[in-house]
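Contents: one structure, followed by commentary.
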């Protein structure tokens with residue numbers, strides 16, 4: 001498994017291309033080999049690929065705006081081809097929103113999912129706690145897994161949000177084995193405080209072992225809120241802890 005940095009963690013430093021370039025260098029200097037581009041300013045794919053190469057980084061996964069995924073699917077696929085990303089990520093979607101539900105989600109996203117799959121890529125759904133609520137009598141995340149084949153839909157499982165949703169990350173990683181190519185490593189502290197990996201309550205040795213068994217290829221460190229600390233310091237502490245578990 002490869003350790004990556006989710007750029008939503010450092011979004012405040014990525015409001016310009018120059019800021020993104022500097023941030024890529026800083027995360028590479030920490031030791032990260034991969035990044036997930038999310039929460040940045042708009043970026044030219046060719047420019048981004050050159051900056052990734054300059055810093056010895058890869059970008060396997062993005063979080064892409066829903067209107068781009070659905071309205072400009074071909075352009076999204078082309079951009080992912082240029083940067084070398086096999087995964088097109090959806091960062092947030094409230095399935096239980098009024099007027100949507102499963103059928104609405106299917107109507108909106110299935111055409112794009114099928115195009116993405118036909119291009120040899122995978123559409124990745126990122127969970128929050130709300131996917132562990134029940135809709136029509138079943139857990140939403142479970143229903144999504146049942147409704148779509150692994151070829152059409154993968155899951156960027158977020159360890160923090162699984163736990164906040166009331167379930168164990170290890171159990172869900174194993175349950176979704178074969179379709180959790182990317183996992184977000186995010187630790188949980190007291191009163192639902194987001195922590196750098198290793199500074200909270202989650203057992204990342206067990207989580208890493210479950211990821212290995214489930215076929216996970218990339219783990220991305222994400223910390224939406226660094227609680228006043230430097231996001232780069234948090235990324236460094238997370239990286240050091242994950243590396244101590246034997247990941248690279």
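Structure values in brief
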item: Contacts under 6 angstrom Cβ, first residue in the range 226-248 being farther than 19 Å from residue 2 by Cβ, partner assigned to a helix (DSSP H, G or I) and modelled with pLDDT of 95 or more, 6 or more apart; result: 226/234; 231/9; 231/10; 232/26
item: Residues within the range 143-155 that are surrounded by 18 or more Cβ atoms within 10 Å (Cβ to Cβ) and part of a loop (DSSP other than H, G, I, E, B), tallied; result: 1
item: Out of 15, 54, sole residue that is out of contact with any helix residue (DSSP H, G or I) (no Cβ under 9 Å at 6 or more places or on another chain) and under 30 Å from residue 242 (Cα atoms); result: 15
item: Top-ranked residue in the range 114-142 [being within 10 Å of residue 95 (Cβ to Cβ) and part of a strand (DSSP E or B); ranked as nearest to the chain's Cα centre (by Cα)]; result: 125
item: Hits in the range 156-171 - residues which are buried (at least 24 other Cβ atoms within 10 Å of the Cβ) and farther than 15 Å from residue 6 by Cα; result: 162, 169
item: Residues located in the range 22-57, provided they are assigned to a helix (DSSP H, G or I) and either within 19 Å of residue 221 (Cα to Cα) or in contact (Cβ under 8 Å) with a residue 60 or more places away in the chain (or both); result: 22, 23, 24, 25, 26, 27, 28, 29, 30, 52
item: Pairs where the first residue, in the range 192-208, is at positive phi and surrounded by 14 or more Cβ atoms within 10 Å (Cβ to Cβ) and the second is assigned to a strand (DSSP E or B) and at pLDDT 95 or above, C-beta under 8 Å, 6+ apart; result: 198/187
item: Hits in the range 23-42 (condition: touching a helix residue (DSSP H, G or I) at 6+ places or on another chain (Cβ under 7 Å) and over 20 Å from residue 92 (Cβ atoms)); result: 23, 24, 26, 27, 30, 31, 32
item: Candidate set from the range 63-95 (those that are crowded, with 16+ Cβ neighbours inside 10 Å and assigned to a loop (DSSP other than H, G, I, E, B)); member that is farthest from the chain's Cα centre (by Cα); result: 95
item: Residue match in the range 214-230 (condition: closer than 30 Å to residue 108 by Cβ and in a helix (DSSP H, G or I)); result: yes
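The values are calculated or read from the model by the stated rules, or taken from the named source; none is laboratory data. In this text, all values refer to a predicted model and were calculated from it rather than measured experimentally. No Cβ is skipped: glycine too gets one built from the backbone with ideal geometry, and neighbour counts run over all protein chains shown.
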